[in-house]
């Protein structure tokens, strides 16, 4: 059969049920002053204090070995923490990339010294990472990357430009995808990954890219003969492509792929309170059904990852279907409630709506565009 | 094992002639006998109840096979009815059975009268698992006449039944027959979408236009990817409904059935479009699946009723209670 299988997610164990309850209490306490508008920032809310609290309470690096500051819990338990953070609108931005993909990449490919240097500080919520993949001429086509790192004794000299780097102006490190030999015509051959210290790299300048909402998440990182110690090479020289694909698999699999606009749903329900028409009940019912099924698919992916199965195709499906869902919510809300989106409104609903309207277009772009994902799924179906 | 036996049986006995006859409203006695000999009507029963004690996954696969072979007879209904009868302590069906809920029937002097709307193959059934209020009745064939003919969107008989029956078999209702029916339909929808995807991959892989198979066009590939996404959602939705039914959670059933119905709509549209004109004919088998999807998505409670049930619960949970409600589904 050509269906792409999604195994039943593991049933919640007593430990998972207890963890969820304990973590909900932690979030209630941590987020008690967070407004709906702030919660609607979802995974791009950035708060180092919150990330440190997460780390201190043992909720970061959940699946990593204890010797590196991890907690040796299951991928499924980590998934509970992640989905509860997103559903509550916790400001996870300062640890999000590090906990999700940079840390796991270092654990998988890093040297012993790198693991000891980085992982405990990520798990404690101290160290914040960004992503160093896209370039001005290399977005979806990552293999066209131009940024060049030339070995010069004990250092690499890096020249090139990376874009769309969320929080490069705040974060401590990025994992840079670059070319250590050859030219862009060599595609994925000759590529490598370097750990870049964003605060202490001579020759690196970081400039903001303001998004259409007027918000500063994105940055341009410009490397001009920037000097990077050679021991900051992650994994093997020339193996960058396989490593970056592995990193992307961590990036595409999570519940952030359908929960980005959940705060709008929460506020919509609040606004509908006491005036729930047939139309409201029908619409909310259908949205809830979609959400419940997406969540099941996402939990199935978490279960596969826990069993160390390759879930790249399943993750692409969750992200494709999930982005459609989270992007549909503003219009669904607009069919039920007359309200002008107002980014500066004091009132809750109008400002949440504005934030979601402004940010939702990016959800089918980042982490692999809708078109790239559908290509991956089609290939998985055997069409090319 | 069971799946292989079922597949062999359906491939042998459920051919185009059988499908055509069923669309003419003709019962398929030979096929039904084979279905009974295989024990399928008891497939959802535990071993204690005289069933196979199938695992959840095996039961789901069996139900999906009914969809992926476009089974025209009420096998899924009979399986679900027997599961209800067994749970309620009533006698099992001795032939095909129907599932219905009708709260507006009249009950007086030990007699049940009134109309039950649109029951698949109503004339041919042995009995009906009928819920009225909090009671489950096992109504035998002698307890009804056909009130009005009806036909499903895939052209099978769906008459409304005039019940007039002296009650001799009743029990407390274990769970709602509509929840059972909606759940088995969700699995059938997933099965039908599996078959539709398979056919669509075949067709677009072999049909050459402009010098290349349709499938080599990116725009076609993206539609296939969307179809695979709808199939994934339908399959997960059916599993969600099935797990919810097992714990008698009607909200979980609502979530599962609603998303499966949505997938039926979207999936049937993509599969037909990707087949081009041949998909709109009876010459190609796709129509067996698309018409079934268009029938099943509106059976055992309409989409509106299920959505209102789930939506009103979500609204009652309120903003802060919404996510905990979702995680409980």
Of the residues in the stretch A:305-330, those that are surrounded by fewer than 22 Cβ atoms within 10 Å (Cβ to Cβ), within 13 Å of chain B (Cβ to nearest Cβ) and either modelled with pLDDT under 95 or under 16 Å from the mean Cα position of the chain (by Cα) (or both) come to A:313
Enumeration of residues in the stretch A:65-77 that are in contact (Cβ under 8 Å) with a residue 24 or more places away in the chain, within 19 Å of residue A:127 (Cα to Cα) and in a helix (DSSP H, G or I): A:68
Can you tell me which of A:299, A:370 is surrounded by fewer than 20 Cβ atoms within 10 Å (Cβ to Cβ) and within 13 Å of chain B (Cβ to nearest Cβ)? A:370
Being within 14 Å of chain B (Cβ to nearest Cβ) and buried (at least 17 other Cβ atoms within 10 Å of the Cβ) narrows it down to one of A:233, A:291, so name that one. A:291
Looking only at the stretch A:146-171, which residues are in contact with a helix residue (DSSP H, G or I) (Cβ under 8 Å, 6 or more places away or on another chain) and either under 30 Å from residue A:45 (Cα atoms) or in the same structural domain as residue A:97 (by TED's automatic domain parsing) (or both)? A:166, A:167, A:170, A:171
Is it the case that the stretch A:32-41 has a residue that's part of a helix (DSSP H, G or I), within 13 Å of chain B (Cβ to nearest Cβ) and in contact with a helix residue (DSSP H, G or I) (Cβ under 7 Å, 6 or more places away or on another chain)? yes
Report whether or not residue B:181 is buried (at least 23 other Cβ atoms within 10 Å of the Cβ), in contact with a strand residue (DSSP E or B) (Cβ under 7 Å, 6 or more places away or on another chain) and in the same structural domain as residue B:255 (by TED's automatic domain parsing). yes
Could you check, for the stretch A:126-141, whether at least one of its residues is part of a helix (DSSP H, G or I) and either assigned by TED's automatic domain parsing to the domain that holds residue A:197 or without any contact (Cβ under 8 Å) to a residue 40 or more places away in the chain (or both)? no
Please state which of the following conditions residue A:139 fails to meet, knowing it meets all the rest: (1) under 20 Å from residue A:366 (Cα atoms); (2) surrounded by 16 or more Cβ atoms within 10 Å (Cβ to Cβ). (2)
Condition first: without any contact (Cβ under 8 Å) to a residue 60 or more places away in the chain, at negative phi and within 9 Å of chain A (Cβ to nearest Cβ). Can you find one or more residues in the stretch B:293-306 that meet it? yes
Say whether the condition of being under 30 Å from residue B:205 (Cβ atoms) and assigned to a helix (DSSP H, G or I) is met by at least one residue in the stretch A:356-366. yes
For residue A:61, state whether it is part of a helix (DSSP H, G or I), at pLDDT 95 or above and within 21 Å of the chain's Cα centre (by Cα). no
Closer than 20 Å to residue B:68 by Cβ and either touching a strand residue (DSSP E or B) at 6+ places or on another chain (Cβ under 7 Å) or more than 9 Å from every other protein chain (Cβ to nearest Cβ) (or both) - does that describe any residue in the stretch B:243-254? no
Quick one: would you say residue B:205 is over 18 Å from residue A:300 (Cβ atoms), within 11 Å of chain A (Cβ to nearest Cβ) and at pLDDT 95 or above? yes
Flag if residue B:18 is part of a helix (DSSP H, G or I), at negative phi, out of contact with any helix residue (DSSP H, G or I) (no Cβ under 7 Å at 6 or more places or on another chain) and not assigned by TED's automatic domain parsing to the domain that holds residue B:197: no
Tell me, please, whether a residue that is under 24 Å from the mean Cα position of the chain (by Cα), buried (at least 21 other Cβ atoms within 10 Å of the Cβ), assigned to a helix (DSSP H, G or I) and within 14 Å of chain B (Cβ to nearest Cβ) can be found in the stretch A:331-341. no
Filter the stretch B:211-224 for residues that are within 19 Å of residue B:266 (Cα to Cα) and either buried (at least 24 other Cβ atoms within 10 Å of the Cβ) or more than 7 Å from chain A (Cβ to nearest Cβ) (or both) and give the result. B:219, B:220, B:223, B:224
May I ask you to list the residues in the stretch B:46-59 that are on the phi < 0 side of the Ramachandran plot and surrounded by fewer than 22 Cβ atoms within 10 Å (Cβ to Cβ)? B:46, B:47, B:48, B:49, B:51, B:52, B:54, B:55, B:56, B:57, B:58
Could you list, in sequence order, all residues of the stretch A:263-282 that are in a helix (DSSP H, G or I) and facing chain B (nearest Cβ under 7 Å)? A:265, A:266, A:267, A:269, A:270, A:272, A:278, A:280, A:281, A:282
Considering residues that are outside any loop (DSSP other than H, G, I, E, B), at the interface with chain A (Cβ under 7 Å from one of its Cβ atoms) and closer than 18 Å to residue A:294 by Cβ, the number found within the stretch B:309-329 is 6
Which condition number does residue A:143 fail, the rest of (1) on the phi > 0 side of the Ramachandran plot; (2) in contact with a helix residue (DSSP H, G or I) (Cβ under 8 Å, 6 or more places away or on another chain); (3) modelled with pLDDT under 95 being met? (1)
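The values are calculated or read from the model by the stated rules, or taken from the named source; none is laboratory data. Please read all numbers here as calculations on a predicted model, not as lab measurements. Cβ coordinates were reconstructed from backbone atoms using ideal geometry, including for glycine residues, and neighbour counts include every protein chain displayed.
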